[in-house]
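For reference, the structure is listed below as structure tokens.
The values are calculated or read from the model by the stated rules, or taken from the named source; none is laboratory data. Note that the structure is a prediction, hence the values are computed from the model and not measured. Reconstructed Cβ throughout: ideal geometry from the backbone, glycine too, with neighbour counts over all protein chains shown.
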Amino acid sequence: MDYPMELTGRAGKEAKAGSLGRDGRRYLGGLLGLTAALLGGLGVWLAAQGGDHFSAISRPEDRAWYRNFGGDSVTEIQDQDLFYHHIGRSIDYARQADIIILGSSLVSFAVDQAIMRERLEQRYGLKFYNMAFVGVASGEFVRQIALKHHIRPRLWIVNADDGGGGGNFFHRNLTRAFGADVRPIPSIRLSRFGAAYEVIRRNLRWRFEDATRGWRQALAGPRAAPLPRFDRDDRTGAADMSTFPRFLADGNPTVKMTRDPDCHTTPDVVANARDIVQSLGAPVVLTLVPNFHGCLTQLREIAAAIGVETALPARTDYSSWDGGGHLDGRGAADFTRDLITALERTRAFQELGEHGDRRHP
């Protein structure tokens, strides 16, 4: 009777290893195929959502608005990567602008885009763009963006603030601050591929948080996010701050500029201001969103030293949702009207109408 031959020794071990290897390869191949199918399906679904950039969390009624800032436990922001690495459409729209305003979160809260559209675009035919960055006090970051992507409006408006004690627009640092969380701006060290990965990762994280928030709160109880999330419009750069507490409320306190007016600038700040203004390559007008730490003395000294005009509203007592200088909805509307009135008096603005469209190609 013939019996099956059992391989022993090295030959048997190799046969068994080969058999397991074939099974493992089949399993691995199936797993990889399933993963590829799932990722492909996710990619198709994300692409079908439309919006400013791939995976953007957009508003169903207006895809130009994308979620820019949020996080249930760790706060993150998108626009630094989007602008610095030209991801999405924001840079393309900024290049079309006649007037661009620069600054920190003070500007993000203080500019009412609807009034800008009515007073500048409809009346004068001038395209306006808000290129302020929440958490970034220094103008060096936006200067690099303007040079890197050849953004050349006909007029820049600069909020020449010293950052509320946390920095100066005319300093060279490249840090961003969300409350006590201060760190170097990550976009500077990322490649465009790395930045795109981070943008997608944030959107996927936020989508997961949105999808699981209900049962997470049911298990662990409600937990407030570190900071309210907000959206940004790629066409105008406008930020929708209506999610912030008391932004739409009545009866908010007015800004009180309590700093000693004997607050002078320094030669280093003047030198940096001159360099930034020259590198922007178009007329610059300085303004100031009123805040408790603001210093009009510094602004006027800088403007005189570098030879630029100022556009300063006649009042500073605008309503503020936080009482310190981040204006609320009513305060933003009032400030925007007054800013445009002051801007209209400047020679730099008046020359826009005299010279026609002379933006650099």
Which numbered condition residue 82 fails, given (1) more than 22 Å from residue 284 (Cα to Cα); (2) part of a strand (DSSP E or B): (2)
Among the residues listed as 202, 192, 232, the single one being out of contact with any Asp or Glu (no Cβ under 8 Å at 6 or more places or on another chain) and within 27 Å of residue 146 (Cβ to Cβ): 192
Among residues of the range 115-147, those that are over 18 Å from residue 344 (Cβ atoms) and either polar (S, T, N, Q) or not in a loop (DSSP other than H, G, I, E, B) (or both), counted: 11
All positions within the range 129-174 that are touching a Leu at 6+ places or on another chain (Cβ under 8 Å) and at positive phi: 164
Cross-chain or 6+ apart pairs with Cβ under 6 Å, the range 246-265 first and more than 27 Å from residue 170 (Cβ to Cβ), then modelled with pLDDT under 90: 253/323
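May I ask you to list the residues in the range 74-93 that are hydrophobic (A, V, I, L, M, F, W, C) and touching a helix residue (DSSP H, G or I) at 6+ places or on another chain (Cβ under 8 Å)? So that I can check it myself, show each step before the final result.
From the range 74-93, those hydrophobic (A, V, I, L, M, F, W, C) are 74, 77, 82-83, 87, 91; that's our starting set.
Of everything in the range 74-93, those that are hydrophobic (A, V, I, L, M, F, W, C) and touching a helix residue (DSSP H, G or I) at 6+ places or on another chain (Cβ under 8 Å) turn out to be 82, 83, 87, 91.
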Filter result for residue 268 (surrounded by fewer than 16 Cβ atoms within 10 Å (Cβ to Cβ) and either under 25 Å from residue 135 (Cβ atoms) or not assigned by TED's automatic domain parsing to the domain that holds residue 109 (or both)): yes
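Anything in the range 329-347 that is touching a Leu at 6+ places or on another chain (Cβ under 7 Å) and under 14 Å from residue 250 (Cα atoms)? List them, or say none.
Residues of the range 329-347 that are touching a Leu at 6+ places or on another chain (Cβ under 7 Å), as a first pass: 329, 335, 340, 342.
Residue satisfying the conditions is 329 alone.
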Residue 183 part of a strand (DSSP E or B), within 17 Å of the chain's Cα centre (by Cα), free of Cβ contacts under 8 Å to residues at least 12 places away in the same chain and closer than 30 Å to residue 97 by Cβ: yes
Set 193, 170, 178, 208: member being closer than 19 Å to residue 58 by Cα and either free of Cβ contacts under 8 Å to residues at least 24 places away in the same chain or surrounded by 17 or more Cβ atoms within 10 Å (Cβ to Cβ) (or both): 208
Matching residues in the range 142-154 - criterion: being surrounded by fewer than 23 Cβ atoms within 10 Å (Cβ to Cβ) and not charged (D, E, K, R): 144, 145, 147, 149, 150
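Based on what the data block shows, is residue 107 out of contact with any helix residue (DSSP H, G or I) (no Cβ under 7 Å at 6 or more places or on another chain) and either outside the structural domain of residue 229 (by TED's automatic domain parsing) or in a loop (DSSP other than H, G, I, E, B) (or both)? Outline the logic, then answer.
Numbers: out of contact with any helix residue (DSSP H, G or I) (no Cβ under 7 Å at 6 or more places or on another chain): yes; either outside the structural domain of residue 229 (by TED's automatic domain parsing) or in a loop (DSSP other than H, G, I, E, B) (or both): no.
For residue 107, the condition - out of contact with any helix residue (DSSP H, G or I) (no Cβ under 7 Å at 6 or more places or on another chain) and either outside the structural domain of residue 229 (by TED's automatic domain parsing) or in a loop (DSSP other than H, G, I, E, B) (or both) - is not met.
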Count of the range 197-233 residues which are of a type in the set (A, V, I, L, M, F, W, C), closer than 20 Å to residue 245 by Cβ and at pLDDT 80 or above: 1
Unique residue being more than 24 Å from residue 282 (Cα to Cα), assigned to a helix (DSSP H, G or I) and at pLDDT 95 or above when the list is 348, 332, 303: 332
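Could you look through the range 241-265, keep only residues that are aliphatic (A, V, I, L, M) and surrounded by 13 or more Cβ atoms within 10 Å (Cβ to Cβ), and pick out the one that is nearest to residue 328 (Cα to Cα)? Step through it out loud before you land on a result.
Kept after step one, since they are aliphatic (A, V, I, L, M), are these residues of the range 241-265: 241, 248-249, 255, 257.
Then keep just the ones that are surrounded by 13 or more Cβ atoms within 10 Å (Cβ to Cβ); that gives 241, 248, 255, 257.
Values: 241: 8, 248: 6, 255: 11, 257: 16 Å.
Looking at residues that are aliphatic (A, V, I, L, M) and surrounded by 13 or more Cβ atoms within 10 Å (Cβ to Cβ), I get 248.
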Boolean, residue 314 is assigned by TED's automatic domain parsing to the domain that holds residue 155, of a type in the set (A, V, I, L, M) and assigned to a helix (DSSP H, G or I): no
Residue among 160, 97, 132 that alone is in contact (Cβ under 8 Å) with a residue 24 or more places away in the chain, hydrophobic (A, V, I, L, M, F, W, C), in the same structural domain as residue 274 (by TED's automatic domain parsing) and more than 22 Å from residue 303 (Cα to Cα): 97
